[in-house]
Amino acid sequence: MEDQPFWTQKTLNEMTNAEWESICDGCGLCCLNKIEEWDSGDIYFTSVRCKLLDSESCQCSSYPNRWDFVPDCVQLTKENVDDIPWLPPTCGYRLINEGRGLYWWHPLVSGDRETVHLAGISARGRTVDETDVDVDDYENYLVEWPLTVGDKAPKSLAAALKRQMKADRRR
Ligand code: SF4
Ligand code: SF4
């Protein structure tokens with residue numbers, strides 16, 4: 001069991017802070033604006049990104065002091081991960097919390113922070129800045145791709161990446 005990866009052996013609660021942080025795949029999907037239907041409570045993703053989200057790296061551009069600029073930014077914690085209904089189905093925290101495994105493109109599995117982008121999972125290159133969109137127009141930006149679990153990377157790419165990873169491990 002000792003040689004098994006920690007995320008298959010521990011619950012989120014049992015992880016160290018460093019392990020917890022590494023569960024984030026860097027997709028940036030949680031930083032997209034969502035619309036909640038007032039009567040049903042259903043939540044829909046839009047392609048409108050938070051003004052602090054870098055559209056290419058999918059990282060928060062001001063993470064340590066983000067609340068100075070985005071007071072309603074929600075911090076995901078071990079305590080609230082169960083209560084956040086809008087985590088995308090590919091989110092590492094959601095997957096582990098639901099007792100599922102990480103996908104091949106997760107940086108912990110692939111060893112490469114680019115694979116989440118190469119596999120077409122992340123928000124890279126397909127969002128608009130919230131400062132360019134009137135909040136009343138958000139419904140024109142509804143998208144389903146943040147809910148897509150499927151492997152969008154061409155099979156040849158996935159196979160090539162896996163071959164590369166195996167070769168790297170042998171070195
Ligand atoms: S959706 Fe989950 S895995 Fe993706 S950036 Fe947000 S916290 Fe990280
Ligand atoms: S402030 Fe940063 S972490 Fe919070 S939603 Fe915006 S980009 Fe994401």
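Choose one of LEU76, GLY111, PHE45: the residue whose Cα lies farthest towards the positive end of the charge dipole of segment 6-170 (beta-carbon charges +1 Lys, Arg; -1 Asp, Glu; about the Cα centre). Working it through, the farthest residue towards the positive pole turns out to be GLY111. Mean projected area of the convex hull spanned by the Cα atoms of segment 5-68, taken over all viewing directions: 6.6 nm². Taking the C-alpha atoms only, the angle from helix 155-170 to the longest principal axis of the chain is near 50 degrees. Here segment 19-66 is assigned +1 on the Cβ of each Lys and Arg and -1 on the Cβ of each Asp and Glu. Its dipole about the Cα centre then comes out at about 280 debye. Of all DSSP beta bridges in the chain, what percent run antiparallel (nearest 5)? Counting only bridges with both partners in the chain, antiparallel ones make up about 75 percent. Can you tell me what percent of all Cα-Cα pairs in the chain are more than 19 Å apart? Here the long-distance tail beyond 19 Å is 61 percent of all Cα pairs in the chain. The H on the amide N of VAL143, modeled in the peptide plane, is under 5 Å from the matching H of PHE45, THR46, SER47, each at least 5 residues off or on a different chain. Amide H contacts of ALA119 (H built 1.01 Å from N, in plane; Pro and chain starts excluded): no residue 5 or more places away or on another chain comes under 5 Å.
Using only side-chain charges placed at the Cβ, +1 for Lys and Arg and -1 for Asp and Glu, the dipole size of the chain relative to its Cα centre rounds to 1400 debye. To the nearest 0.05, how large is the calculated FRET efficiency for THR131 and ASN13 if R₀ is 41 Å and r is the Cβ-Cβ distance? Efficiency, from the Cβ-Cβ distance: 0.65. For ASP3 and ARG66 in one chain, what is 0.36 nm times their gap in residues minus the Cα-Cα distance, to one decimal in nm? Separation in residues times 0.36 nm, less the Cα-Cα distance, equals 18.9 nm. Between the listed residues ILE121, PRO146, PRO85, the Cα displaced farthest toward the positive end of the dipole of segment 6-170, a dipole computed from Cβ unit charges relative to the Cα centre, is found at ILE121.
Estimated from helices alone, the mean residue ellipticity of the chain at 222 nm is -5500 deg cm²/dmol (sum of -39500 (n - 2.57) over DSSP H runs with n ≥ 4, per residue).
For the chain, the number of Lys pairs with C-alpha atoms closer than 17 Å, counting only pairs eight or more positions apart or on separate chains, is 4. At a probe size of 1.4 Å, how large is the accessible area of VAL81, to the nearest 10 Å²? Around 10 Å² of this residue is reachable by solvent. Entry comment: accessible area of the chain is 60 Å² per residue, from protein heavy atoms only and a probe of 1.4 Å.
Relative contact order of segment 6-170, taken over Cα pairs closer than 8 Å and 6 or more residues apart, is 30 percent. By accessible area, using a 1.4 Å probe on protein heavy atoms only, segment 6-170 has 50% of its surface on carbon and sulfur.
The values are calculated or read from the model by the stated rules, or taken from the named source; none is laboratory data. Everything numeric in this text was worked out from a predicted model, so none of it was measured. Quick reminder, even Gly has a Cβ in these numbers, built from the backbone with ideal geometry, and neighbours come from all protein chains shown. Only protein heavy atoms, including side chains, enter the accessible area calculation; ligands, DNA and RNA are left aside. Shrake-Rupley method; radii C 1.70, N 1.55, O 1.52, S 1.80 Å.
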